[in-house]
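What follows is a set of notes on a single structure, which appears directly below.
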Amino acid sequence: MANSLLTQLLLLILDAVFGFFTSVLLARFYMQWARVSFRNQIGVFVIAVTDWIVQPARRIFPLRSSLDLPTLLCAWVLQVLLSLLTAWIAGMALSSLLNSIVGLMLIGVLELIRLSVFFLMFVVIVAAVMSWISSYNPLATVLTGIARPFLRPFQRMLPPVGGVDLSPLLLLLVLQMVLLLIGWARSGLGSLLR
């Protein structure tokens, strides 16, 4: 029982650490994609936390478009590594893990999409709340900048009702559907790691 508890504790710590770094890498990716300025406290924090992994990746895979693919690749590698460590700690033999490398890579993609969805849900909810409370807060500016490209298609479909923008609700509903699809796909991929 103590061994099981220690295993669960180790998995929790690994998930928290890898989830934190992946989320900050996703913040960097989305901030650059949405052309949100990094000249604020959040931008400085994101750069400081991620430069150690992004700068070497950019030397190998130079930045060639508005999409920061080296940053996204770093986030994906972290999720693949987390999947590998999780399966190994759970008792899967290293030789079978290496045989299921394609499954681990696909699970890494799904986990990256899942974390991206959770990140976007957080951004949309906090940006909506901040727009009511303190729209000139630096945090509100950054989050609104990230959320704007995702909200724009929904704002075209659904104009404000009584001065209230309902597009965040539609986006959150779509993101919930994406999470359901990811869960379904993840359960199917789980059989590759057995």
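The values are calculated or read from the model by the stated rules, or taken from the named source; none is laboratory data. Predicted model, so just to flag it, every value in this text is computed and none were measured. A quick note on method: Cβ atoms are made from the backbone with ideal geometry, for glycine too, and the neighbour counts reach across all protein chains shown.
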Of the numbered conditions (1) among the hydrophobic types (A, V, I, L, M, F, W, C); (2) surrounded by fewer than 18 Cβ atoms within 10 Å (Cβ to Cβ); (3) within 26 Å of Ala16 (Cα to Cα); (4) at pLDDT 90 or above, Ile146 fails exactly one; give the number of that condition.
-> (2)
Where residues in region 90-111 are modelled with pLDDT of 85 or more and surrounded by fewer than 18 Cβ atoms within 10 Å (Cβ to Cβ), which of them is farthest from Ser23 (Cα to Cα)?
-> Met105
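Conditions (1) without any contact (Cβ under 8 Å) to a residue 24 or more places away in the chain; (2) buried (at least 17 other Cβ atoms within 10 Å of the Cβ), marked per residue:
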position: Gln55; (1), (2): yes, no
position: Asp68; (1), (2): no, yes
position: Ala128; (1), (2): no, yes
position: Ala140; (1), (2): yes, yes
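Count, please, the residues in region 158-194 that happen to be under 20 Å from Ala127 (Cα atoms) and in a helix (DSSP H, G or I). Steps first, answer last, please.
Here is the first cut: in region 158-194, the ones under 20 Å from Ala127 (Cα atoms) are 158-176.
Restricting the remaining residues to those that are in a helix (DSSP H, G or I) gives 167-176.
Of the residues in region 158-194, 10 are under 20 Å from Ala127 (Cα atoms) and in a helix (DSSP H, G or I).
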Among the residues of region 13-35, write down those that are within 10 Å of the chain's Cα centre (by Cα) and either surrounded by fewer than 17 Cβ atoms within 10 Å (Cβ to Cβ) or among the small types (Gly, Ala, Ser) (or both).
-> Gly19, Phe20, Ser23, Ala27
Restricting to region 30-53, what's the tally of residues that are over 22 Å from Val123 (Cα atoms) and touching a helix residue (DSSP H, G or I) at 6+ places or on another chain (Cβ under 6 Å)?
-> 1
Check off (1) within 22 Å of Leu10 (Cα to Cα); (2) at pLDDT below 90; (3) surrounded by fewer than 18 Cβ atoms within 10 Å (Cβ to Cβ) for Phe61 and give me the number that stays unchecked.
-> (1)
